[in-house]
1. Sort through Leu244, Leu221 and tell me the only one that's more than 18 Å from Leu176 (Cβ to Cβ), of a type outside the set (Lys, Arg) and either without any contact (Cβ under 8 Å) to a residue 12 or more places away in the chain or out of contact with any Ser or Thr (no Cβ under 6 Å at 6 or more places or on another chain) (or both).
2. Does Ser260 satisfy the condition of being at negative phi and without any contact (Cβ under 8 Å) to a residue 40 or more places away in the chain?
3. Test Glu251 against the stated conditions and say whether it is farther than 26 Å from Arg163 by Cα, in contact with a strand residue (DSSP E or B) (Cβ under 8 Å, 6 or more places away or on another chain) and of a type outside the set (A, V, I, L, M, F, W, C).
4. Which of the residues belonging to the stretch 151-165 are over 30 Å from Ser260 (Cα atoms) and surrounded by fewer than 18 Cβ atoms within 10 Å (Cβ to Cβ)?
5. At pLDDT below 95 and either in a loop (DSSP other than H, G, I, E, B) or not assigned by TED's automatic domain parsing to the domain that holds Arg171 (or both) - does that describe any residue in the stretch 261-278?
6. Given the options Leu244, Leu239, Leu275, Leu229, name the one that is aliphatic (A, V, I, L, M) and farther than 22 Å from Gln103 by Cβ.
7. Show me the strands (runs of 3 or more DSSP E) found entirely inside the stretch 195-250 where at least 1 residues are in the same structural domain as Gln265 (by TED's automatic domain parsing) and within 20 Å of Lys12 (Cβ to Cβ).
8. Among the residues of the stretch 142-161, is any part of a helix (DSSP H, G or I), farther than 30 Å from Ala13 by Cβ and modelled with pLDDT of 95 or more?
Amino acid sequence: MAPTSPSSSVEKAKQSLGQRLRELRKDAGLTGRALANLAGWHESKCSRIEHGTASPSDADLRAWAEHCGVSGQAEDLIAIARGIEGMYVEWRRLERSGLKRVQESVLPLWDRTQRFRIYSSWLIPGPLQTYGYIKALLEAAKNRRNLPDDVEDAAKVRVEKQRVLQEGNHRFAVILEESVLRYRLGDLSTMVGQLGHLLWAGALPSVSLGIIPQDADRSVLRPVEGFFLFDDEQANVELVSAHLTITQPHEVRMYAQTFSMLAEQAVYGAEARLLITSAINALE
């Protein structure tokens with residue numbers, strides 16, 4: 001089964017928090033109206049929070065915990081709510097301090113992840129990109145989103161992140177659609193260099209590279225949105241307008257299952273290298 005709509009992850013997380021708050025209220029023997037009166041809220045506020053249509057503030061959650069007699073749970077509830085807020089982050093908010101800062105922000109996640117599973121349907125993913133390819137991507141993002149020009153510094157950080165390919169106990173399973181090899185990003189020499197680099201990276205002991213041929217039977221599973229899986233803890237999805245972080249265990253499992261299904265459709269080793277060299281030959 002393919003993952004659900006990315007926005008549903010946030011909605012389900014809000015509903016899950018609302019369900020927990022509803023249970024705390026009921027365990028305290030309070031109606032929604034009674035809790036609202038104690039907290040000094042409009043009586044509809046409890047209902048909106050419990051149904052996930054309103055996001056509670058830190059003060060709201062402290063008041064909720066206090067009036068339900070579970071003040072000790074307030075900080076845990078606040079941490080959950082802040083995590084939900086961070087699940088869906090618009091690019092304009094994420095990139096307001098520049099592209100370099102975005103690249104640096106994921107370094108701790110990359111360092112602690114042991115098992116990377118990456119599926120891409122439109123570009124070579126970050127760990128396998130060349131400096132020229134990275135610059136072409138970041139330059140386009142800068143121009144499209146009207147960002148400060150720190151492309152050079154951001155590209156250097158992204159290249160530095162690639163040390164995890166050959167350092168530590170990191171493993172990478174990467175699945176690409178064959179069409180990724182044909183999409184031009186940058187000039188001709190940039191693309192030829194990138195595909196040649198892909199041949200090199202695919203031969204590393206830490207990397208398993210699979211490519212789904214364009215003529216593969218996609219009856220079981222069509223191409224889906226690109227995603228990164230970090231161990232079994234988190235999935236990241238890049239949308240047109242925002243960056244989505246998925247941490248709900250059942251949804252992370254859906255992405256893991258989807259990755260396994262895509263991996264079964266891919267070719268590896270000599271067959272994958274043949275597809276890459278064919279794409280190189282088509283450029284030269």
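1. On the way: Leu221 fails: more than 18 Å from Leu176 (Cβ to Cβ).
Matching residue, one of Leu244, Leu221: Leu244.
2. On the way: at negative phi: yes; without any contact (Cβ under 8 Å) to a residue 40 or more places away in the chain: yes.
It is true that Ser260 is at negative phi and without any contact (Cβ under 8 Å) to a residue 40 or more places away in the chain.
3. Working: farther than 26 Å from Arg163 by Cα: yes; in contact with a strand residue (DSSP E or B) (Cβ under 8 Å, 6 or more places away or on another chain): yes; of a type outside the set (A, V, I, L, M, F, W, C): yes.
Yes, satisfied.
4. Glu152, Asp153, Lys156
5. First, the residues of the stretch 261-278 that are at pLDDT below 95: none.
Within the stretch 261-278, none of the residues are at pLDDT below 95 and either in a loop (DSSP other than H, G, I, E, B) or not assigned by TED's automatic domain parsing to the domain that holds Arg171 (or both).
6. On the way: Leu244 fails: farther than 22 Å from Gln103 by Cβ; Leu239 fails: farther than 22 Å from Gln103 by Cβ; Leu229 fails: farther than 22 Å from Gln103 by Cβ.
It is Leu275.
7. 227-230, 234-238, 242-246
8. There is no residue in the stretch 142-161 that is part of a helix (DSSP H, G or I), farther than 30 Å from Ala13 by Cβ and modelled with pLDDT of 95 or more.
The values are calculated or read from the model by the stated rules, or taken from the named source; none is laboratory data. Please read these numbers as outputs of a predicted model, since none were measured by experiment. Note: ideal-geometry Cβ built from the backbone for every residue, glycine included; neighbour counts use all protein chains shown.
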